[in-house]
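Written out below as C-alpha cells is the structure these notes cover.
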Amino acid sequence: MPLVFVHGVATRQTSLYKAQVVQRDALFRSMVFKNDKVVIENPDWGSFAVQFSEDLRWIPAPKGNQAFGGATEQFSAEDLDGVLDLGQLALLDAQQAVDLVAMAALDAEAREASELDQPGSAASGDAIDFAVSAGEYLNQQGVIGSNSPIGLGSLQANSNSAFAEALEAEIKGTGDSQAYAVGGWIRDKIGQLGGLIGNGLSDAALKAKRRDLSRSVSYFLGDIFVYLRGRDNLGPAGTRAQLFEPIIASLASAMKAQRNANEPFVVVGHSLGGVLLYDMLTDDAVRQQIEERGAGPIKIDALFTVGSQPGFFADLGLYAIGRPTSDAKLPMPEGVTRWLNVFDFTDVFSFRCEPMFDGVDDFGYDTVTDLLHAHSAYFQRPSFYERMRKRLFDQ
C-alpha cells in the first residue's frame, strides 16, 4: 500500500519541514491506511529548484528607506490608534489623508465607467478635477517634498464626514476655479476606502511579516519559473533531469514495493506537485523512465491533487499534449484509475480541474483558515485524512 507525496513550491529541507513530513506520514499511516507499515515516498525536488542569495537583500525593509517624496522619515499607519480615521491621519500626515480620498474617488469612477462600458468617461469625471485641485492644495501648503510628514490642523476632524467638510473648505479657499460642492461628494467616495486600505494594526502586522511573505512569494514564483524555463532543456540542467528525477525515482520505488492485491497505490500532489505529476504522467519519455525503473506499467489507483493548479496550467496551454477546448478536455493520464482534485475556496492558489480534464472529480474543502495559511493547512487537519480515507475505501 505505497503512497508518493509530491510537495509544492517553496519547499526546502529545513528542520521544520522535516518535522512536518514526519507528522504527515504518521497521519497518513494511522488515519488513512490504518497500517504502520505503509511505504511513503517524499521526493525532494525543491532542493533543485530556484536558489536565492541567503540575505535576500532585494527585499525592502519597513524602515530607513529614502522616500519618493524626499522625506527622510515616513508616516506609518502604526502611528494611528486602531481603525484609520482621516481626520486623525490628516493631523499626522495630510498628504496621506488627501491622497487616500483621491485614490478612492478615482477607483470608484473607473469602476463606474467600466460598468457602463465607457472607459473614456473616466477622464472627464469629478475625480480627475478633485485630484488636480487636491494636488495643488497640498503643494501650496508645502506638504509635497517636505523632509518629514506634515500634518495640517485645519484638516483635523472628529469624523470622516467632518474631514470631508474641512477639506472642501480648504480646497475652495485656495481660489481654485472649480466651484463644485466637494464636501458631500467626498463623503460618498470615502465609503470606497474600506475595500482599498486596512488599518494601523494590519499595516503593522504586514511590516512584521513582510520579509517572510516576500520570501515565500519569491520561492513560489521562482520554483515555477525554474520549472518552465527548463522544461524543454533535455540536458543535465533541465527540468527532466533536475525536478522530475526525484519524483521518477520515488514513483518507480513505490511501484516495486510489496503490497497485497487489494491495497491501493496512492499518489498525492500538493500545489505545483500536482502540476508536475500531470506533466510527467502525460510525457511518453518520462513514463518510459518510470516504467523501466518501476519494472512494469504505471498503475495508480488514486491520484489526489490538493491545493493545486493543473487546471490553470491547462488553460495557459502549457502542457505538451495541448490545450482543452469547449468540445474536448485534456485526457486523464494513462494508468490512473481515479483522479480526485481537492480545493479550498479560501486558498487562492487552488483551482478546479473537472472543467479542463476528463475523468477528474473536484471536491471543495474548507480549511477554515485565512488567506495566508489556507494553502498549507490541508495536511494539518484531521478531517482531511478522514475524508481521504472515505473517498479511497468507501467511495
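At-a-glance table
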quantity	calculated
Residue in the range 106-117 that is open to solvent by less than 30 Å² (accessible area, probe 1.4 Å), in contact with a helix residue (DSSP H, G or I) (Cβ under 6 Å, 6 or more places away or on another chain) and among the small types (Gly, Ala, Ser) present	yes
Enumeration of residues in the range 307-328 that are of a type outside the set (S, T, N, Q), in a loop (DSSP other than H, G, I, E, B) and open to solvent by 90 Å² or more (accessible area, probe 1.4 Å)	LEU316, ALA320, ARG323, ASP327
Enumeration of residues in the range 357-373 that are in a strand (DSSP E or B) and more than 18 Å from ASP279 (Cα to Cα)	ASP361, ASP362, PHE363, GLY364
Qualifying residue in the range 96-104 (condition: of a type outside the set (D, E, K, R), in a loop (DSSP other than H, G, I, E, B) and either at pLDDT 80 or above or over 30 Å from ALA164 (Cα atoms) (or both))	no
Single residue of the range 107-130 satisfying the filter (in a loop (DSSP other than H, G, I, E, B) and among the polar types (S, T, N, Q)) that is modelled with the highest pLDDT	GLN118
Enumeration of residues in the range 1-59 that are acidic (Asp, Glu) and outside any loop (DSSP other than H, G, I, E, B)	ASP25, GLU41
Residues of the range 3-36 classified as among the basic types (Lys, Arg) and on the phi > 0 side of the Ramachandran plot, total	1
Total residues in the range 333-384, condition at positive phi and open to solvent by 70 Å² or more (accessible area, probe 1.4 Å)	1
In the range 1-44, the residues that are within 20 Å of GLN242 (Cα to Cα), open to solvent by 30 Å² or more (accessible area, probe 1.4 Å) and β-branched (Val, Ile, Thr)	THR14
Residue list for the range 30-60, restricted to those being of a type in the set (Lys, Arg) and in contact with a Lys or Arg (Cβ under 9 Å, 6 or more places away or on another chain)	LYS34, LYS37
Residues of the range 280-299 satisfying the condition of being open to solvent by less than 70 Å² (accessible area, probe 1.4 Å), closer than 13 Å to SER253 by Cα and at pLDDT 95 or above	GLN289, ILE290, GLU291, ILE298
Residue selected from the range 240-279 under the condition assigned to a helix (DSSP H, G or I) and of a type in the set (S, T, N, Q), by the criterion surrounded by the fewest Cβ atoms within 10 Å (Cβ to Cβ)	SER253
Tabulated pairs, the range 270-286, first under 14 Å from THR11 (Cα atoms), second open to solvent by 10 Å² or more (accessible area, probe 1.4 Å) and part of a helix (DSSP H, G or I), C-beta under 8 angstrom, 6+ apart or interchain	HIS270/PHE379; SER271/HIS375; LEU272/ILE224
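The values are calculated or read from the model by the stated rules, or taken from the named source; none is laboratory data. Since we're looking at a predicted model, the values are computed, not measured. Cβ sites come from the backbone with ideal geometry, for glycine too, and all protein chains shown count toward neighbours. Heavy atoms of the whole protein, side chains included, go into the accessibility calculation; ligands, DNA and RNA do not. Shrake-Rupley method; radii C 1.70, N 1.55, O 1.52, S 1.80 Å.
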